[in-house]
Amino acid sequence: GGIILSWSVGVWGVQAQQKSFIQGVPFVTNHTALEYRAGIQNFDIVQDELGRIYVANNLGLLEYDGKNWMRYGLSNTKVRTAFVGNKGRIYVGSQGDFGFLEPNTLGQLSYVSLADSLPAAQRDFDETWKIYGVGDRVYFCTFKRIYVYDGQKLAVISNDKRLDITFQLAERLYTQVQGEGLMEVNASGFEQIPGGDFFADKRVSNILPYDKERWLISTFSQGLFLYDGSSSTPFVVKGGYWKNEYLINFSARLKDGSIALATQNAGFFVIDRGGNLLTHVDKEAGLMDLTINYIFEDNQEG
């Protein structure tokens, strides 16, 4: 159960509600940029303990309480990622900046930059694309280096080569080093995982748990792979519905065990663990834009 939120590049965001994908196409509600009064590009979606939805938008951070929208503008407005932390903090990453919003004395969210405290030589990053929490630490992941915040100070994990997107699986972080492959992030740097060089020429869009022994790894343009801890094999989709040309921007494992694929030009697909199609949501199903950046399943049961 629950609600799937998928936000596209374009004027429209998408909210789809369903009890089971097997029962058919979910109900779709489109939220336009005119409604939420912000930019047309949306990226990460997170939810706090009160059920409020926060969306990383190219004109700030959006808050949706199920009825009303609010926008929090930042000094650098193109927000790429968000993470719900402790004490009411919403951590955000944007172009050339990262920090958090927290309630002020009036209860209104106010932005505090953490990147401002960095020396100039460590502020030369372009995008903070992902934020993750591991224990009491928050990781701000850029394409230049990874910054670790323990609540008091920042530490830096650096590499002499450009990073790509960073991913979290359980309590571990993984990133892709261009031309080298998948690496595990540790306190001292980056260590290639066994067989990680298989992805040296395949840009990864997400890593998901598949079973106790294997991961399901989605790539932007070369499909899906199963990784067993040492090697990778193609994950076969069945029925002839899939084309790698659709491009996988993001993948998500849903609460019922099915897998959602957000694509660049074909809406989103939901498949079972065997690769069989459960649902394809596109313009015929009610989407107003086929480019989906992110899929989020909220905490509502139903």
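The values are calculated or read from the model by the stated rules, or taken from the named source; none is laboratory data. On a predicted model such as this, the values are computed, not experimentally measured, just so you know. Heads up, the Cβs are rebuilt from the backbone with ideal geometry, glycines too, and the neighbour counts pull from every protein chain shown. Remember, those area values only see protein heavy atoms, side chains included, never the ligands or the DNA or RNA. Shrake-Rupley method; radii C 1.70, N 1.55, O 1.52, S 1.80 Å.
For the reader, a short list of remarks on this structure follows.
- Coil-residue GluC sites (Glu not before Pro) of the stretch 132-201, DSSP, other Cβ within 10 Å capped at 12: GLU171
- Length gained on full extension, LEU50 to GLU35, computed as 0.36 nm times the residue gap minus the Cα-Cα distance: 3.2 nm.
- The stretch between ALA187 and ASP256 holds 21.4 nm of extra length on full extension. This uses 0.36 nm per residue minus the Cα-Cα distance.
- Computed on the Cα atoms alone, the convex hull of the stretch 257-301 gives a volume of 91 cubic angstrom per residue.
- Under a 5 Å amide H cut-off, with hydrogens placed 1.01 Å from N, ASN249 pairs with ALA262, THR263, GLN264 among residues at least 5 apart or on other chains.
- Range of Cα positions in the stretch 137-235 per principal axis (Å), largest first: 43, 28, 21
- Space enclosed by the convex hull of the alpha-carbon atoms of the stretch 213-269, per residue, Å³: 88 Å³
- The modelled label-to-label distance for the pair VAL156/ASP211, using points 7 Å beyond Cα in the direction of Cβ, is 4.5 nm.
- Taking every alpha-carbon pair in the chain and binning the separations at 20 Å intervals from zero gives 34, 60, 7 percent.
- Nonlocal amide H pairs with VAL134, under 5 Å, H built at 1.01 Å: TYR139
- Share of carbon and sulfur in the accessible area of the chain stands at 48%, probe radius 1.4 Å.
- Karplus (6.51, -1.76, 1.60) ³J(HN,Hα), θ = phi - 60°, over the stretch 156-163, in Hz, Gly and Pro reported as x: 10, 10, 10, 8, 7, 10, 5, 8
- With θ taken as phi - 60° and the Karplus curve 6.51 cos²θ - 1.76 cosθ + 1.60 applied, the whole-hertz 3J(HN,Hα) list for the stretch 171-177 is 9, 10, 10, 9, 9, 10, 9 Hz, x standing for glycine and proline.
- Gain upon complete extension [GLN108, PHE143; 0.36 nm per residue less C-alpha separation]: 9.5 nm
- Computed from phi, the 3J(HN,Hα) profile of the stretch 90-96 under the Karplus parametrisation 6.51, -1.76, 1.60 (θ = phi - 60°) reads 10, 7, 9, x, 9, 6, x Hz, with x in place of Gly and Pro.
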